[in-house]
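Everything below concerns the one structure shown next.
The values are calculated or read from the model by the stated rules, or taken from the named source; none is laboratory data. These figures come from a predicted structure and were not determined experimentally. Positions of Cβ are generated from backbone atoms using ideal geometry, with glycine treated the same way; all protein chains shown enter the neighbour counts. All accessible areas refer to the heavy atoms of the entire protein, side chains included, with ligands and DNA or RNA removed. Shrake-Rupley method; radii C 1.70, N 1.55, O 1.52, S 1.80 Å.
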Amino acid sequence: MPEADSRSYSPGLEGVLAGETSVALVDGANGRLLYRGYPIGELVRHGTYAQVADLLWTGTWPDRAHLACAPLTAAVEAVLRELPPTAHPMDALRSAISTCGAENATAWPPTIEQARSLTSLAPSALAAFARLRRGDEPIAPDPDLDLAAGFLYQLNGEAPDPAAARALDAYFITAAEHSFNASTFTARVITSTRSDMASAVVGAIGALKGPLHGGAPTEVVNQLLEIGSAERAEQWARETIARGERIMGFGHRAYRAYDPRAAALREVAEGMAGTAEWLQLAVAVEDVVLRVLAELKPDRVIKTNVEYYAAAVLQGVGLAPDLFASTFAVARHAGWTAHTLEQASANRLIRPDVRYVGPEERPLPAVGARA
Ligand code: COA
């Protein structure tokens with residue numbers, strides 16, 4: 001009989017230190033998010049996604065940066081054409097990145113060039129799939145446009161409204177990185193085996209696809225459609241909680257204060273044309289929900305999270321709700337790839353221990369019967 005394992009175990013690895021990072025700080029108690037030391041609010045107000053991606057990859061803030069969408073290779077386009085139009089856009093994005101990895105066998109260790117190339121392919125692949133599934137031909141990227149504007153251009157086939165492009169760029173900044181979340185940790189585990197960057201990103205997309213990780217902003221839209229008017233919000237919130245259901249866009253594992261990304265995106269949404277009516281409803285419902293949650297869940301601090309106002313911005317720039325999660329994945333490429341670079345720079349194979357709770361050693365039934 002082996003000795004009982006007395007080491008502590010934390011389900012979901014909650015509270016376990018699983019690495020060290022200098023890419024981002026999530027300070028949940030104080031509602032702070034810093035990329036390489038810079039507060040998210042300042043990055044959204046004064047930076048671009050291209051600058052933020054460079055910052056995440058290199059650690060240095062560039063005065064200016066340009067990151068255009070990359071053209072699809074023939075193989076990536078062929079794969080996207082083969083997918084059924086009903087495929088989940090996350091699956092289409094994952095297949096595109098996987099194909100790209102198969103075409104350009106990326107060597108160890110991962111490089112910033114690889115990070116740049118995967119990050120700039122992702123929006124082109126998603127836009128191409130969004131067009132193909134509705135029977136339209138993909139559009140070649142405009143090299144003068146940055147990633148968010150270029151994504152809108154390839155989706156819609158016309159020059160994007162500058163305010164919409166700026167709003168989506170701001171969303172991309174808030175979605176770029178969030179430390180050791182499930183998808184980033186997945187990417188780091190894959191990198192720790194000395195596997196390539198494309199494989200790490202493919203695994204990360206798989207992890208983000210799960211409804212506990214990506215996916216909430218689509219639900220926020222459905223929720224507001226269901227509520228319909230500010231007057232109905234209180235009754236709706238009380239009934240939802242009484243049924244033991246979650247209100248989407250509220251609560252977070254790490255934040256006990258207002259999610260700083262929600263604050264930054266609310267500011268962005270307020271500056272957008274055409275969102276006024278939606279935003280008015282969202283703000284009124286938020287006030288009611290926060291009050292009801294504080295009353296009915298007094299033991300837990302539950303505040304607005306990033307997804308609540310992400311929904312307003314993504315809807316405001318005209319994205320179909322079923323593209324929200326995959327658009328989040330496109331933006332997260334900068335963070336995932338920054339973490340693969342960091343993991344590779346001081347690599348140790350990630351291989352945790354596990355407590356065995358199965359049966360003791362025993363003979364196979366047939367062998368036991370013969371004895
Ligand atoms: N609506 C209603 N109740 C909520 C809630 C929400 N959005 N978020 C947490 N709670 C309640 C739970 O019901 C639970 O109450 P109980 O102890 O009375 O059962 C308590 O708060 C703790 O919940 P738990 O799931 O342990 O907290 P967590 O911190 O691990 O949860 C989330 C984090 C994000 C999974 C959770 O807040 C949630 O499901 N939110 C809605 C989905 C969402 O917006 N996701 C996007 C996250 S960025």
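Between ARG351 and GLU113, the simple spin-label model (points 7 angstrom out along Cα→Cβ) gives 3.2 nm. With a Förster radius of 30 Å applied to the C-beta separation of ALA18 and ALA65, the computed FRET efficiency comes to 0.45.
Pair-distance distribution P(r) for segment 138-277, from all Cα-Cα distances in 5 Å bins starting at 0: 2, 8, 12, 15, 18, 17, 14, 8, 4, 2, 0, 0 percent.
Annotation: Cα Rg of segment 1-61 relative to the compact-globule expectation 2.2 N^0.38 Å equals 1.70.
Seen from all directions on average, segment 44-158 presents a Cα convex hull projection of 7.9 nm². Estimated from helices alone, the mean residue ellipticity of the chain at 222 nm is -17000 deg cm²/dmol (sum of -39500 (n - 2.57) over DSSP H runs with n ≥ 4, per residue). Annotation: average projected area of the chain is 23.6 square nanometres, based on the convex hull of Cα atoms across all directions. Over segment 174-225, the pair-distance histogram of Cα-Cα distances with 5 Å bins from zero comes to 5, 21, 23, 21, 13, 9, 5, 3, 1, 0 percent, rounded to whole numbers. Atom-type composition of the exposed protein surface of segment 1-96 places 53 percent of the accessible area on carbon and sulfur (1.4 angstrom probe). Distance between the 7 Å Cα→Cβ label points at ASP27 and ARG81: 5.3 nm.
Per residue, the accessible area of segment 20-72 comes to 48 Å², computed with a 1.4 Å probe over protein heavy atoms only. Using a cut-off of 13 Å between beta-carbons, work out the net charge of the residues near ARG81 (Lys and Arg +1, Asp and Glu -1, ARG81 not included). That sum, taken over residues with Cβ under 13 Å, equals -2. Put a dot 7 Å past the Cα of GLN280, heading toward its Cβ, do the same for ARG256, and the two dots end up 3.8 nm apart. Stretched out straight at 0.36 nm per residue, the stretch from ARG362 to ALA273 would grow longer than its current Cα-Cα span by 25.1 nm. For segment 275-339, the alpha carbon convex hull comes to 106 Å³ per residue, rounded to a whole number.
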